[in-house]
Amino acid sequence: MASPIRSKNDWINNFKRLSFVFSLRLLVLPAAFLLIFPPIFLYYYMAPQYIYENPKTKEQVEVTQSVNDAHEYWEDGVKFDRVWCNPQLNTAGGKIDPFDKKKFVDKTGRMKGTYGDLLDYSKELGEERKSKLGHDPEQDKHFDSYEKRVGKKHLLDKRHVKTENDFMKIDLD
């Protein structure tokens, strides 16, 4: 029969288990609080930033205000003038560098649409590369790998085509 008296190691192991559980609570409780009350924290990050300028010193100050607030800023009895500027738009959906593979993967990963939309966008970038360089290096790599894999040229590969017989000579280079 086992002795009811516990050894020092048992007490240490129990303490380690309890401290681990306590440390998990320290991680889980703040995360749960953020999930329950997200609007409190998102308000500051989602509220618009307004720029005001001191009319005397031309010092500019960025102020976070709600859309419904009165858009005035006073400091030391001086009313700052509001600076109007063009709105800042998210340009992630705009044009990307046609030669940057990482940006293409990032953008198409966030795109909504079909696989056909992805292929159309890839074709647009290929045409842009072709207009800048005279050829599309990505398409050239694809055609070369196809030729190595299959043993003959791709049907759409029109690079370096030379046909010659007794009646005609075709050189598409």
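Quick notes on this one:
- Fraction of C-alpha pairs exceeding 12 angstrom in the stretch 89-134: 64 percent, rounded to a whole number.
- Charge context of E53, other residues only, Cβ under 15 angstrom, K/R +1, D/E -1: -2
- Net charge contributed by nearby residues that have their C-beta within less than 12 Å of H71 (K/R +1, D/E -1): -1
- Selection from M111, S131, F99, by position along the positive dipole direction of the stretch 89-134 (Cβ): F99
- For the listed residue pairs K58/K95; K130/K153; K112/K158; K112/K153, the alpha carbons are over 29 angstrom apart in K58/K95; K112/K158; K112/K153.
The numbers here are math on the coordinates, done by the rules we state, and not lab data. Model, not experiment: these values are computed from the prediction. Note that we place each Cβ from the backbone using ideal geometry, even for glycine, and neighbour counts take in every protein chain shown.
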